[in-house]
Amino acid sequence: MPTTDTTLRQQCIEGLYADHHGWLKAWLRRRLGDSFAAADLAHDTFLRLLGRTEALAVEEPRAFLTTVATRVLANHWRREQLERAYLETLRHLPQALAPSPEERALLLEALCEIDALLDGLPVPAKRAFLFSQLDGLTQVQIAERLGVTERTVRRYLTQAAETCFFADVLGRARA
Amino acid sequence: MNTAVAPQDGANGPDASITPAAAREAVQWFLDLQAPGPAPRLREDWLRWRAASAVHERAWQRIERVGRTLQGGASPFASAVAQAKLAGEAARGRRRAVQALAVLAFGAGGAWAVHQRTPWREAVADHRTAVGERRVVTLPDGTRVELNTASAIDVRYGAAERRLVLVVGEILVTTARDARPAPRPFLVETAQGEVRALGTRFTVRQGAQDARVAVYDGAVEIQPRSPGAPVLRLHAGQQARFSATEVSAPESAAQADTAWTHGALVALSMRLDDFLAELGRYSGTPLACDPAVAHLRVSGSYPTDDVAKALEALSAVLGLEVRTVTRFWGRQAVRIELAPRTPPV
């Protein structure tokens, strides 16, 4: 049974940690190829369990831990890709326009959230939505930029906005 | 809890009871309202839709709430980063990243400047103009407001004051005397502070960093937003810029700066790059020039209603050529630039 009682929850997590922490680290290391990063993410996975009120499924502990760790891993890759894109973009920017370290942190945070909101959408729909929301381009301008019809752009934007705002209501799957 | 609920939800959390139908409708409203210059009718219909049911309102609230996350990334740089990351997903490597940068480098000052603030904040403003459009609005008290290109205002007339909110762009205001027994003050609000009219004709322009006020009749008082910031009184023939904390020293205002109300841009020995920045406000495509000719001086009157014609006239006078730059995207002009004529090979 899923449980949400605090003390019981603590005990559950401690149990999971004692029995499966080593296994989880190994599982993550196979995916990351880096034992330091694996240790970090294993740590993050348990932190996530502690911080959340989501139910703990302890009957299948490894399956459950894998599910949570997969989410942690997705976030990790998301951030890593964004960092890379950030540095790449920065290289082309005049020094004076470069964001400060604080701005960088805020910006990556916001982009990470946006990226997570749009997870699972086809790339063209994502691009259309980014053009519309981050650049303020009109649907006509996006159509020109992507080389598709306005009808298609409208379809992309509808798909993206429905996922972004109402994934839960409309049953859109997010990875 | 069930999806069809009584209006007084609140306590149950805003998300428990949004129906799929309301969600889909809200998304369509969201997209419609983002079109440039949505018709006032659309806005009224949208308000009516929101008021029609608590489920509608909750769906809309969700959009606004998530929208604030999007706002956190709303900048050409963020967009370039996000698009560059997508390029990685599509495994197309650097080329796409460079494409995304084209938006950053050349989009700045163009569409971006117009949409810098929340997109639907402008979309739902009381009066607005698209890029290249001008409009005259007469308010209930007889005050006349002319909106320049890509501008938006909200009108907030109340019992105690007559207030205009300049959301974006530039306006020329000719105030009318308030007919009420106790005349209400007339104010224009910008991101940086307020301008109080003292019987007058004046322009206010909202910039990215500051706001600019020029007075042609009467006087105005500028009150920057920060508490304790000094107030400055500006008289006819003067102009000043202000930030949230301070007002610049007054300079003399040129009558030519109101030429836009007649669809003209009047320049007097203006640097070419500055001139193109001004003219670019009326153009859907960003304008630029070769750095080698940026210092050339421009004088004359140029039409803002027909930017292509203005560029043609300008290039003829200065002996330059107009180039449409389409690299990176191929399909659409990313910018138009003026450059020295290339000699025939």
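The values are calculated or read from the model by the stated rules, or taken from the named source; none is laboratory data. Keep in mind it's a predicted model, so treat the numbers as computed, not measured. As a convention, Cβ positions derive from the backbone with ideal geometry for all residues, glycine included, and neighbour counts pool all protein chains shown.
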- Exclusive hit being surrounded by fewer than 17 Cβ atoms within 10 Å (Cβ to Cβ), farther than 30 Å from A:LEU107 by Cβ and either within 21 Å of the chain's Cα centre (by Cα) or modelled with pLDDT of 80 or more (or both), set A:ALA26, A:ALA57, A:ALA74: A:ALA26
- Note on the structure: The condition from (1) modelled with pLDDT under 85; (2) within 24 Å of A:ALA116 (Cβ to Cβ) that A:ALA38 misses is numbered (1)
- Message: Tally up the residues in the range A:118-137 that are buried (at least 21 other Cβ atoms within 10 Å of the Cβ), at pLDDT 85 or above and at the interface with chain B (Cβ under 7 Å from one of its Cβ atoms), please.
- Response: 4
- Note on the structure: Residues in the range A:138-175 that are buried (at least 17 other Cβ atoms within 10 Å of the Cβ) and touching an Asp or Glu at 6+ places or on another chain (Cβ under 7 Å) total 2
- Message: Residues that are at pLDDT 90 or above, at least 2 per element: which strands (runs of 3 or more DSSP E) completely within the range B:151-262 meet that?
- Response: B:162-174, B:186-189, B:193-206, B:211-224, B:232-235, B:238-242
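Okay, residues lined up against (1) over 21 Å from B:ALA150 (Cα atoms); (2) crowded, with 19+ Cβ neighbours inside 10 Å; (3) in contact with a strand residue (DSSP E or B) (Cβ under 9 Å, 6 or more places away or on another chain); (4) touching a residue at least 60 places away in the same chain (Cβ under 8 Å):
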position	(1), (2), (3), (4)
B:SER252	yes, no, yes, no
B:TRP260	no, yes, yes, yes
B:ALA277	no, no, yes, yes
B:GLY280	no, yes, yes, yes
B:LEU287	no, yes, yes, no
B:VAL293	yes, no, yes, no
B:ASP306	no, no, no, no
- Query: Which members of the range B:17-52 meet the condition of being surrounded by 16 or more Cβ atoms within 10 Å (Cβ to Cβ), part of a loop (DSSP other than H, G, I, E, B) and small (Gly, Ala, Ser)?
  - Reply: B:SER17, B:GLY37
- Item | Filter pass, A:ALA63 being under 30 Å from A:ARG9 (Cα atoms), more than 7 Å from chain B (Cβ to nearest Cβ) and in contact (Cβ under 8 Å) with a residue 24 or more places away in the chain | no
